[in-house]
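The structure under discussion appears below in the form of structure tokens.
Each value in this text was obtained by applying a stated rule to the coordinates, not by laboratory testing. Source: prediction; values computed, not measured. Reconstructed Cβ throughout: ideal geometry from the backbone, glycine too, with neighbour counts over all protein chains shown.
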């Protein structure tokens, strides 16, 4: 079978992780890479063993050999690049958020439906084996009615005032930062696992560090190195949130709440949530992804360890090793790529066939939630999640 040929736009933190996951599939080949400058593209392509490099993504889209393009660029570029990928007739896998407003994401969804291309957003946490298992358990009614959903997504990579990254700037990352960057993952994961949809939000946002020191020579994302010399920095006012807590109402009347923070010391990438059902509870933490805590009232609690022999039949395809051989974040990303590319190989269409990955429809609904959270933070009231035609002003 001839391999699917792929191009990657963007070579920062996330681009190489896509490439690594793709290469683990065996039937997909990355043959082109684009960056904002030709010198950067050439250097990164050599490092990653990619044959063709482009200093302009539009030239990559003209490559007739490419069937699929991944958009791994900063948030503010997602709309324009995703649009151009689809207009070029290529299947598209976009990093999240799909765009920086629901107005933009709604337009992308319309183009995706009209073009007939396969479209995906990289909400990869739903691809963890334990999330497939938990979804199967919820689906068969094992927990009863899920009455409460609560949790958090905590990080510490922006704890110091000398931590700086393009995501802090609204013109590059969007008006929401912590909520859009990590809160969107939390919302997608719990909605996917439970089958519920968030319908109303009440948000409290805070900027813990209103001024940060930006290094004249910027380090890579998540490098964890604090500054040493004050003379090497300029002070930058910060207008996006370091912290947020959001109250939730779901479509079936159940309630929830989540907290996000990028200034929580010691929490590296802790997405966690708990489901409280009428029969039992469940708790999962992404930093220990092989464990699912199951809580009971009238007998001892349990811990289910990831093991294909213990999983429901519909969840076993997500786990690739025997019990005790723990699979983590890179493996969930591989599952995302496997689901997406298997869908393409099978000749399926997202408009007609159920996808086992997040599509632009999911990405658009995520943006509707983000817009509602932003509006709620401004007005201090409950706000309904609707498909908005206008972006809220802040």
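How do 373, 238 line up, fewest other C-beta atoms within 10 Å first?
Final ranking by Cβ density, sparse to dense: 238, 373.
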With 0.36 nm assigned to each residue of separation and the Cα-Cα distance removed, residue 148 to residue 342 gains 66.4 nm
Take the chain, connect every pair of alpha-carbon atoms lying under 10 Å apart with a spring to form a Gaussian network, then pick out the residue of 244, 88, 306 with the largest mean-square fluctuation. 88
In whole Å, what are the extents of region 46-188 along the principal axes defined by its C-alpha atoms, from largest to smallest? 52, 44, 36
For the chain, what does -39500 (n - 2.57) per DSSP helix run (n ≥ 4), summed and divided by total residues, give at 222 nm, in deg cm²/dmol to the nearest 500? -9000 deg cm²/dmol
Neighbour-count ranking for 299, 132 (other C-beta within 10 angstrom, fewest to most) reads 299, 132
Roughly how many whole Å is it from the C-alpha centroid of region 302-322 to that of region 4-50? 31 Å
Candidates 305, 33, 271, ranked by Gaussian network fluctuation over the chain, Cα under 10 Å, top entry: 305
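Considering only DSSP beta bridges where both residues belong to the chain, give the percentage that are antiparallel (nearest 5).
Working: 42 of 69 bridges.
Roughly 60 percent of the DSSP beta bridges within the chain come out antiparallel.
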Label-to-label distance, nm, for residues given as residue 236 and residue 216 (7 Å Cα→Cβ offset): 1.6 nm
If you line up the Cα atoms of the chain on their principal axes, what length do they span on each, largest first, in Å? 64, 56, 43
Let me have the relative contact order for the chain, percent, based on Cα pairs under 8 Å that are six or more residues apart. 21 percent
Efficiency of FRET between residue 58 and residue 5 - r from beta-carbon atoms, R0 25 angstrom, step 0.05: 0.90
Could you please rank 346, 204, 371, placing first whichever residue has the fewest other Cβ atoms within 10 Å of its Cβ? 346, 204, 371
With a 10 Å cut-off between alpha carbons and a GNM built on the chain, which of 85, 294, 149 moves the most? 294
Region 338-379 shape via C-alpha gyration tensor axes, a/c threshold 1.5: prolate
Looks like region 325-394, by Cα gyration tensor root eigenvalues a ≥ b ≥ c and the a/c under 1.5 rounded cutoff (else prolate when a/b is bigger than b/c, oblate otherwise), is oblate
